[in-house]
Structures are given as C-alpha cells and as structure tokens.
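The values are calculated or read from the model by the stated rules, or taken from the named source; none is laboratory data. It should be emphasised that the depicted structure is a prediction, and the values quoted were computed from it without experimental measurement. Methodologically, a virtual Cβ is constructed for each residue, glycine included, from the backbone with ideal geometry; neighbour enumeration extends over all protein chains shown.
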Amino acid sequence: MNTEKPQPADGGEGCLVGALRIPVKIVALLVVLPVRVVWDLLTALGRLLYRHVLAPVLTHLVEPLLRALGWLLTTLVKLVFVWPWAGLWRYLLRPVGSWLYVHLLAPLCRALHTYVLRPLALLTWRFVLVPAGRAVIWLAEAAYRYLLRPLYRYVLAPLGRALAWAWHVAGLITGALWRALRWTGRMLIARPAAQVYRYVLTPAGHLVRAVWRPVRDSVREVRAEVRRALFGTPPVEPARSRARTLGSTTAAGNTPAPEISLHERQG
C-alpha cells in the first residue's frame, strides 16, 4: 500500500504572463541576434588579421629585430664593461703582480723569515719557553713531594681509615640495635598478641557464635510468627510457574511442588 501523499500539480500560467511572454521574446531576439552576429564577425575578422597580418609581422620582422637589438646591446656591454677590465687584468695587473711577487714580496718574506722571525723564535724558545717549562715542572714536583704526598700520607689516608672504621662500627651498633628492637617487639607485642588471639579471642569468638546462632534462629521464628499473626500466610506460588526454566515460557512439569513453610522461606 502506497502511503506517500500525491504531489500537487504545478499551477498553470496566468493570462498576463502568457500575453507578455511572446513580445518579450520577440524584443530579446531583435536585440540579441544583431549583437551576436556583430560579435561573431568581429571575432572572425580578428582571427584573420592575427593569422595573416600580425603573426607574419611578429615572426619575420619583430623577432629578428629584437634578436639583433639584444645582440647589439650584449656586444656594447662587453665592449664597455667586460673586455676592458679583462684586458687590464690579463695584460697589466697580473704581469705586474707576478713581477712584484717574484722580485719584491718573495725576497722580502724570505729575508724577514731568515733574519727576524727565525732568530726571534729561537731566542724565545731558548730563553723564555724552555726555562718557563722547567720552572713549571720543578714547581709541580716540589708541590707533589712536599705538599700533596705528605697531605695524603699523614692526613687524608688516616682520616679515610678512621671514617671507614667509624662506618663499620656504626653499622655493627645499628645492626645490634635493630636486632634488639626486633626481639623486644616480638617478645613484648607479637607473642603476647598471638597468645591473646589464640587463647582468649578465638574461644570468645566461638562462644559468641555458638550463643548467637540460637538467638538468631529464635528471633527469626518470633518475627515469622508475628508476621503470620499480623498479615496472615502469603500465597504460595504454583509449582508450574516456579519450575519454569530460564528463558522459557512453558512449565517444566505438571507435578505440584511441595509447600514450603514460612520458617523455611525466611531461612
């Protein structure tokens, strides 16, 4: 059965809309058609001009002219900025620099190294660095012999041995104290508590449990009798409904179940 509601049909156009649509279409056709014709003619004319006039002019006249102009500008830049400096470097600066280095700077550097720097380095090594190194070595040996070794032998080593002995003795004392505290706690707390639990609390618990069970049963019986006297015996559920299995709606059998007393249900 189709339950969807039928969609209402579109309403018809009015008389005014139908009367105005035809003149509007005629006017639009008379205005748009000439414009589209003119646009198509101009587009075709432009394509013809580009294909047969502008493209040949660009290909055979403008591009060669631009390439020639670029080559001319490149040549002028080279003539003005590149070639003069390259010639100056190749034919003037590099030969003059080579001659100055060979005949002036190299002999001057060799003479400075031979007659100034080398003797100065030898004098510095012989009369400054070697005596300074020997003095440092002598000071280090004297400090080790007369300061560090006596300090280690007569102060640091005995102090370390004393600290090690004190640490060992403190460990022995701490161990003895811990053993004494553990023995005292075991004798004064743990053993009396175990004796109290074994010979006092356990029998008392058994006695309380033995007394409490009859009292609890008596209280339950009295409460059941009072409830029966006040409210009567509640209806017993039929055995058919009690014997149904979990998830089943049928009884397991038709045999009636024995009645259960109120005292047994309360227990």
Quick check, is E221 part of a helix (DSSP H, G or I) and touching a helix residue (DSSP H, G or I) at 6+ places or on another chain (Cβ under 7 Å)?
yes
Exactly one of V155, V116, V128 is assigned to a helix (DSSP H, G or I), surrounded by 10 or more Cβ atoms within 10 Å (Cβ to Cβ), modelled with pLDDT of 90 or more and of a type in the set (A, V, I, L, M), and that residue is V128
Can L163 be described as among the hydrophobic types (A, V, I, L, M, F, W, C) and surrounded by 11 or more Cβ atoms within 10 Å (Cβ to Cβ)? no
